[in-house]
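Below: the structure, in structure tokens.
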Amino acid sequence: MFSSDNWQEIFQTIKKNKLRTFLSGFTITLGLLIFITLLGLGNGLKNSFNQFFMDDATNTMFIFPGRTSMPYKGYNVNRTIQFKNDDLADIQKNFPFYLEYITPRIFRNGTVTFNNESNSYSYVGVSPAHQVSEKTIMMKGRYLNDLDVKEKTKYAVIGRLVEKDLFKDKSALGEHVIINNTAYKVIGVFQDEGGDNEERRIYVPYTTLQLIEKNTDDINQIVLAYKPELGYAGAMLFEEKLTKFLKEKHEIAPDDQSGVFVRNIADNMNDNQQLSGVLTLIVTFVGIGTLIAGVIGISNIMVFVIKERTKEIGVRKALGATPFSIITMILQESIFITLIAGYIGLFLGIFVLKMIGDKLEDYFILNPYIDLGTAITATIILILFGALAGYVPAKRAARIQPIVALRDE
Amino acid sequence: MIAIKDLHKSYKMGSNVLHVLKGINFNVEEGEMVAIMGSSGSGKSTLLNIVGMLDLLDTGSYTLDGVPIVNLNETKAAKYRNKFLGFIFQSFNLINYKTALENVALPLYYQRVPKKERDEKALQYLTKVGLANWATHLPSELSGGQKQRVAIARALAAQPKVLLADEPTGALDSTTSYEVMQLLQEINDEGKTLLVVTHEEDIAKMCKRIVQLKDGVIIEDKKVNQIRASEYV
Ligand SMILES: Nc1ncnc2c1ncn2[C@@H]1O[C@H](COP(=O)(O)OP(=O)(O)OP(=O)(O)O)[C@@H](O)[C@H]1O
Ligand SMILES: [Mg+2]
């Protein structure tokens with residue numbers, strides 16, 4: 001059935017019925033072209049959107065201690081709240097279901113010296129999870145790890161600009177810097193998309209900092225991340241429970257608004273995330289819509305084509321064509337056309353996106369792209385449906401009795 | 001060659017049933033040229049279509065060249081049609097985007113004859129019907145008589161045992177009709193069996209036997225002295 005003779009017969013019908021071939025091919029090509037272009041532009045829109053809003057991890061909460069504004073349980077008003085290491089442990093113990101990671105922050109400013117160069121920087125005592133919450137990117141060396149925290153090592157991870165300031169063109173890795181009279185070994189250099197300020201920072205294990213500072217267990221802030229699958233509602237609930245828990249623990253009046261502050265990035269991220277989600281939804285919707293339109297288009301054309309060929313099919317059957325040979329003839333033809341047209345559409349679409357490139361950056365379309373998997377899947381879907389769209393009427397046509405097909409109108 | 005016994009055929013039209021053929025008994029020997037006559041609606045085409053396996057009988061039996069035609073599925077019918085039968089229609093039924101040669105070669109394609117041999121044979125039959133010079137023309141470039149000759153060449157190409165012609169001259173003027181009949185007579189002279197449905201007396205008389213159908217039964221079946229079409233041309 002797939003002999004070269006067979007193909008010759010098919011090429012002939014394709015060649016001699018140019019309009020029909022063009023119509024069905026054009027539908028597929030156009031459908032794919034629109035699908036790929038729209039999806040690509042949508043992705044571009046999302047790209048620039050993410051670039052604007054998504055510097056830090058979005059499932060993060062910051063907890064700051066404050067001063068009480070109400071007397072409570074015999075305590076005076078205006079009491080300063082101090083977080084300690086056991087706050088970390090208690091949160092971890094009580095909220096395992098919500099918590100993804102947690103890290104303290106102890107902010108300090110100080111003079112940092114290497115050889116003759118010295119400058120003032122802020123340095124922060126943290127635990128390893130802080131890397132995730134700040135989306136810190138390591139350029140060389142490594143970030144702090146759990147062992148550093150446990151052993152209170154005198155290791156420091158420094159920002160790109162710290163290295164540039166103090167070490168000029170040399171590498172800081174393995175060198176020792178003096179931070180407020182204590183020598184730390186540089187184990188890593190990082191960059192951060194948050195801007196110059198964040199790249200002029202130094203991270204050290206918070207336990208080391210506590211040890212040096214008279215062996216306290218005070219901490220300034222707590223940063224934590226909840227599990228993203230909680231969603232917005234879950235995050236809100238967690239925030240509520242956590243606030244209540246901390247107020248109880250530190251004996252702050254339940255309606256005291258200034259004892260502890262919990263800032264949830266989801267609060268201001270929620271709108272953005274919703275917008276981004278809506279964007280994804282619209283793009284998906286439009287994409288599926290285009291595909292469906294393409295499938296409907298090709299189906300209609302196939303029905304029309306086969307209606308037009310009813311008589312021809314009747315003649316062929318009278319001359320000895322079996323139903324099987326009729327079906328394979330029509331299918332081979334439609335698959336061949338959709339395959340070629342599909343490839344053209346695929347490459348045309350990708351080409352259009354390449355041409356657009358960054359030309360539309362002013363319209364918030366950044367680096368429009370479509371991942372090849374999606375594009376190929378769409379192509380295959382269209383080809384498959386094109387074939388199916390041919391198969392159904394072809395099967396019906398093959399079953400028509402030849403006299404019915406041949407009857408004069 | 002053809003043996004039909006007690007054939008009945010009816011069509012369902014909504015709730016009522018149209019009994020078209022009501023017990024046909026009919027035999028055709030090899031080399032015969034039979035005209036089937038009758039008024040419009042008497043069942044001529046229906047009978048021919050059943051003989052041609054384009055349509056199915058309800059009851060009765062039909063044997064073609066010793067092969068009982070029963071349990072016909074579409075695929076089997078297609079094979080028999082290709083092997084045993086050639087069709088000539090009133091409206092020619094050529095495929096409009098194929099040239100005369102390609103139209104004639106089509107039944108050979110379904111016999112899986114290789115392309116080169118197919119074209120040679122097709123040209124041979126086109127020559128036989130006097131249209132060798134028109135081989136590369138499309139049907140739209142041919143006159144009615146020429147189209148019917150291409151159709152006859154196509155019917156012959158598969159070398160069938162029986163040629164079935166339903167009003168082969170119905171769409172042609174009388175001169176052209178006689179030319180076509182002359183061609184059919186020559187084919188019959190070579191021994192091919194022919195069934196010709198017509199309602200024209202003069203065309204029927206150019207066959208060797210006339211069968212009269214009326215209301216679904218054969219009312220007359222007689223041998224006649226064949227009038228040669230060449231006398232009119
Ligand atoms: N597929 C069908 N469905 C229903 N009725 C049919 C069908 N084919 C034929 N008939 C009916 O059967 C009867 C006989 O039809 P048939 O075509 O055999 O007549 P005919 O003798 O060839 O007539 P004509 O000279 O007009 O061609 C007619 O009444 C016709 O309407
Ligand atoms: Mg008729």
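Protein heavy-atom surface of chain A, 1.4 angstrom probe: 60% of the accessible area is carbon and sulfur, with nucleic acids and ligands not counted.
Which distance in Å, rounded to a whole number, links the C-alpha centroids of region A:3-48 and region B:150-205? So the two Cα centres are separated by 46 Å.
Please identify every one of the trypsin sites (Lys or Arg not before Pro) in region A:90-132 that sits in a loop by DSSP and has no more than 13 other beta carbons within 10 Å of its own beta carbon. Please list the in-between numbers first.
Working: sites: A:LYS93, A:ARG105, A:ARG108; in loops: none.
Listed in order of number, the matching sites amount to none.
Placing a label point 7 Å from the Cα of A:SER69 along the Cα-to-Cβ line, the residues of region A:244-260 whose backbone N sits under 17 Å from it are A:244, A:247, A:252-260. With the convex hull constructed from alpha-carbon coordinates only, region A:162-267 shows a mean projected area of 9.8 nm² over all directions. Across the options B:VAL28, A:LEU32, B:ASN93, the greatest Cα extent toward the positive end of the charge dipole of the protein assembly as shown (unit charges at beta carbon of Lys, Arg, Asp, Glu) belongs to B:VAL28. Extending 7 Å from Cα along the Cβ direction at A:GLU175 and again at A:ARG399 yields two label points whose distance is 8.3 nm.
Spatially, region B:26-59 and region A:102-137 are offset by 101 Å when compared through their Cα centroids. A simple rule links phi to the HN-Hα coupling: the Karplus curve 6.51 cos²θ - 1.76 cosθ + 1.60 with θ = phi - 60°, which for region A:206-215 gives 5, 5, 4, 4, 4, 5, 5, 8, 6, 6 Hz, with x for Gly and Pro. Dipole size of chain B about its Cα centre, with +1 on Lys/Arg Cβ and -1 on Asp/Glu Cβ: approximately 680 debye, rounded to the nearest 20.
Counting only GluC sites (Glu not before Pro) that DSSP places in a loop and that have at most 12 other Cβ atoms within 10 Å, the longest clean stretch of chain B runs over B:31-189. May I ask you to derive the relative contact order of region A:60-261, considering only C-alpha pairs under 8 Å and at least 6 residues apart, and to give it as an integer percent? For region A:60-261, the relative contact order is 34 percent.
At a probe of 1.4 Å, how much accessible area disappears from chains B and A on forming the pair, both sides counted, to the nearest 100 Å²?
Numbers: alone 11360 and 21550 Å², together 30450 Å².
Adding both sides of the contact gives about 2500 Å².
Comparing B:SER45, B:SER61, B:SER15 in a Gaussian network model of chain B (Cα springs below 10 Å), the most mobile by mean-square fluctuation is B:SER15. Proximity of backbone amide H atoms, modeled 1.01 Å from N, is registered between B:ILE218 and B:ASN25 at under 5 Å, excluding neighbours fewer than 5 places apart on the same chain. In order along region B:92-104, the phi-based Karplus estimate (6.51 cos²θ - 1.76 cosθ + 1.60, θ = phi - 60°) of 3J(HN,Hα) comes to 6, 6, 7, 7, 5, 9, 9, 5, 3, 4, 5, 4, 5 Hz; Gly and Pro are listed as x.
Within the protein assembly as shown, what percent of beta bridges assigned by DSSP are antiparallel, to the nearest 5? Before the final figure, lay out each step's value.
On the way: 63 of 91 bridges.
Around 70 percent antiparallel, to the nearest 5.
Give me the percent of the accessible area of region B:139-233 that comes from carbon and sulfur atoms, probe 1.4 Å, all protein chains in place.
41
Give the shape of chain A as rounded, prolate or oblate, defined through the alpha-carbon gyration tensor: a ≥ b ≥ c are the square roots of its eigenvalues, a/c under 1.5 means rounded, and otherwise the shape is prolate if a/b is larger than b/c and oblate if not. Don't jump to the answer; show the numbers that get you there.
Values: a/c = 4.14, a/b = 2.61, b/c = 1.59.
The shape class here is prolate.
Calculated on the Cα set of region B:2-231, radius of gyration then Dmax: 17.5, 53 Å.
Computed from Cα positions, the angle between helix A:323-356 and the longest principal axis of chain A comes to roughly 40 degrees.
Under a 5 Å amide H cut-off, with hydrogens placed 1.01 Å from N, B:ARG209 pairs with B:MET33, B:ALA35, B:VAL224 among residues at least 5 apart or on other chains. Accessible surface of A:ARG67, taken over heavy atoms with a 1.4 Å probe and every protein chain present, rounds to 130 Å². Between A:ILE292 and A:LEU348, what FRET efficiency follows from the Cβ-Cβ distance if R0 is 35 Å, with the result rounded to 0.05? Efficiency computed from Cβ-Cβ geometry: 0.95.
Work out the FRET efficiency for B:LEU72 and A:VAL303 from their Cβ-Cβ distance, taking R0 = 30 Å, and round it to the nearest 0.05. Numbers along the way, then the final one.
Details: r = 29 Å, r/R0 = 0.95.
Efficiency, rounded to the nearest 0.05: 0.60.
Against chain A, whose longest principal axis is taken from its Cα atoms, helix A:372-399 shows a tilt of about 30°. Annotation for region A:195-299: GluC sites (Glu not before Pro) lying in DSSP loop with at most 14 further Cβ atoms inside 10 Å of their Cβ are A:GLU213, A:GLU251. Helix B:115-128 and the longest principal axis of the Cα set of chain B meet at an angle near 80°. Partners of A:LYS249 within straight-line reach, counting aspartates and glutamates whose Cα lies under 20 Å from its Cα and excluding those fewer than 8 residues away in the same chain: A:ASP86, A:ASP87, A:ASP90, A:ASP217, A:ASP218, A:GLU239, A:GLU240. Sequence-ordered 3J(HN,Hα) estimates for region B:139-145 from the Karplus curve with 6.51, -1.76 and 1.60 and θ = phi - 60° stand at x, 5, 9, 10, 6, x, x Hz, glycine and proline given as x. Close amide-amide hydrogen proximity is noted between A:LYS84 and A:ILE219, each under 5 Å apart and 5 or more residues distant or on a separate chain (H modeled in the peptide plane; Pro and chain starts excluded). Straight-line cross-link partners of A:LYS18 among the lysines, defined as a Cα under 28 Å from its Cα and at least 8 positions apart when in the same chain: A:LYS307, A:LYS311, A:LYS317, A:LYS395, B:LYS98, B:LYS115, B:LYS116, B:LYS147. In chain B, taking the dipole from charged Cβ atoms about the Cα centre, the farthest positive-side position among B:ALA158, B:HIS19, B:ILE187 is held by B:ALA158.
Burial of accessible area (probe 1.4 Å, heavy atoms of protein chains only) in region A:312-329, relative to its chain alone, reaches at least 30 Å² for A:GLU312, A:VAL315, A:ARG316, A:LYS317, A:ALA318, A:LEU319, A:GLY320, A:THR322, A:PRO323.
Could you tell me what percent of the DSSP beta bridges with both partners in chain B are antiparallel, to the nearest 5? If you can, show how the numbers build up before the last one.
Values: 23 of 41 bridges.
For chain B, the DSSP antiparallel bridge percentage is about 55.
Heavy atoms of the protein chains alone define the surface here; on that basis region B:57-112 has 41 Å² accessible area per residue at 1.4 Å probe size.
How high is the relative contact order of region B:2-231, in percent, with contacts defined as C-alpha pairs under 8 Å that are six or more residues apart?
On the way: 451 pairs, mean separation 65.7, N = 230.
Once normalised by length, the contact order is 29 percent.
Taking every alpha-carbon pair under 8 Å whose residues sit at least 6 apart, chain A reaches a relative contact order of 28 percent. Dipole magnitude for the protein assembly as shown: about 1340 debye, using +1 per Lys or Arg Cβ and -1 per Asp or Glu Cβ, origin at the Cα centre.
The values are calculated or read from the model by the stated rules, or taken from the named source; none is laboratory data. Source: prediction; values computed, not measured. Every residue, glycine among them, receives a Cβ derived from its backbone with ideal geometry; neighbour counts consider all protein chains shown. Keep in mind that these areas ignore ligands, DNA and RNA; they rest on the heavy atoms of the full protein, side chains included. Shrake-Rupley method; radii C 1.70, N 1.55, O 1.52, S 1.80 Å.
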